[in-house]
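Peer 1: To start, I am sharing the structure in question, which I have written as structure tokens.
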């Protein structure tokens, strides 16, 4: 026979049935007295969830077959046994049955009455349990516990957690590889191609000052020089976007200053940078991550915020670097943060989480967006 699971009525229904099973005096219509208690016992005995009841002295006074099967024993062996024989008693537990659950490893499940504890089978094996407890306020009070074996669910959660950690590690590794490739390409562009273009411009300038040139030749060479100058400027911009030289030559503080100046020049939005150079002397990994986080935040502001000013504050506190970026634009909406295509926010979160930090993005009042980032600096100071 299929055992019925407890329905949405929850604990009141369970306690009502158990009260009937124990023969508690509850109001009934005439003719129901003889039939209600046996019917309620059948419901409890055929429930698929493990159900036990214990008195204030922690002695089990009722157990259904599902509970006996859960602990690998029989109903007869459970009744009269101490509760701690089947539910591990935490060291700081009190005297009553509720303390067995409430002193466990904390809340679990969807209800406020769900607690995570450790069960012990008859053969001594331990296993995780999610249990809920309720008290029946009768003449002789007793406590009812409904339990579920969550071994498989815990195993799946641990597997998902390991998979999530591996994806984080992969993301961090890919970010590192990407930065290394950017650095290599930027240096190649600046040191090799940049020098060649600069040398060509110098040669062209010398050629222009050589006698015997016709006006048409001079005009043509003037156009060539302008094209070379444009190519040099574009090359420097591309190389800087790939890897700002200020990160290597001056450090994070000067790189952020350059980022601010470029943002103001390109978008015409005032940008206040509040930081102390001495507090931003970090290793290359942290400096690069913070620079990219700020860069992505400014890109989002320029594209979506419609802001008229931006303020960024960086300072150390108790071994952490606190970064706050604010704008006075239209403000981010909750649905914007959950969009799958919000790759900028996803990239920022991954970089922050890669440094074991925390990030919060919220709408400001009356308008605007605020980004708060906390980054632990242990191992990143120079």
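The values are calculated or read from the model by the stated rules, or taken from the named source; none is laboratory data. What you are looking at is a predicted structure, and each value in this text was computed from that prediction instead of being measured. Glycine gets a Cβ as well: all are built from the backbone with ideal geometry, and neighbour counts include every protein chain shown.
Peer 1: Considering (1) without any contact (Cβ under 8 Å) to a residue 12 or more places away in the chain; (2) in a helix (DSSP H, G or I); (3) surrounded by 11 or more Cβ atoms within 10 Å (Cβ to Cβ); (4) more than 41 Å from the chain's Cα centre (by Cα), say which one residue 201 fails and leave the rest.
Peer 2: (1)
Peer 1: Before we move on, is residue 284 surrounded by 14 or more Cβ atoms within 10 Å (Cβ to Cβ) and at pLDDT below 90?
Peer 2: For residue 284, the condition - surrounded by 14 or more Cβ atoms within 10 Å (Cβ to Cβ) and at pLDDT below 90 - is met.
Peer 1: Need the failing condition index for residue 51 against (1) modelled with pLDDT under 90; (2) closer than 18 Å to residue 117 by Cβ, just the number.
Peer 2: Exception for residue 51: condition (1).
Peer 1: Now for a different question. What number of residues within the range 257-278 are over 31 Å from the mean Cα position of the chain (by Cα) and surrounded by fewer than 11 Cβ atoms within 10 Å (Cβ to Cβ)?
Peer 2: Total meeting the criteria: 3.
Peer 1: Turning to a different aspect of this structure: Go over the candidates 38, 27, 56, 4 one by one and state the one that is at pLDDT 70 or above, assigned to a loop (DSSP other than H, G, I, E, B) and surrounded by fewer than 20 Cβ atoms within 10 Å (Cβ to Cβ).
Peer 2: 56
Peer 1: Another question, if that's okay. Can you tell me which residue is nearest to residue 373 (Cα to Cα) among those in the range 291-340 that are more than 22 Å from the chain's Cα centre (by Cα) and in a helix (DSSP H, G or I)?
Peer 2: Across the range 291-340, the extreme among qualifying residues is 298.
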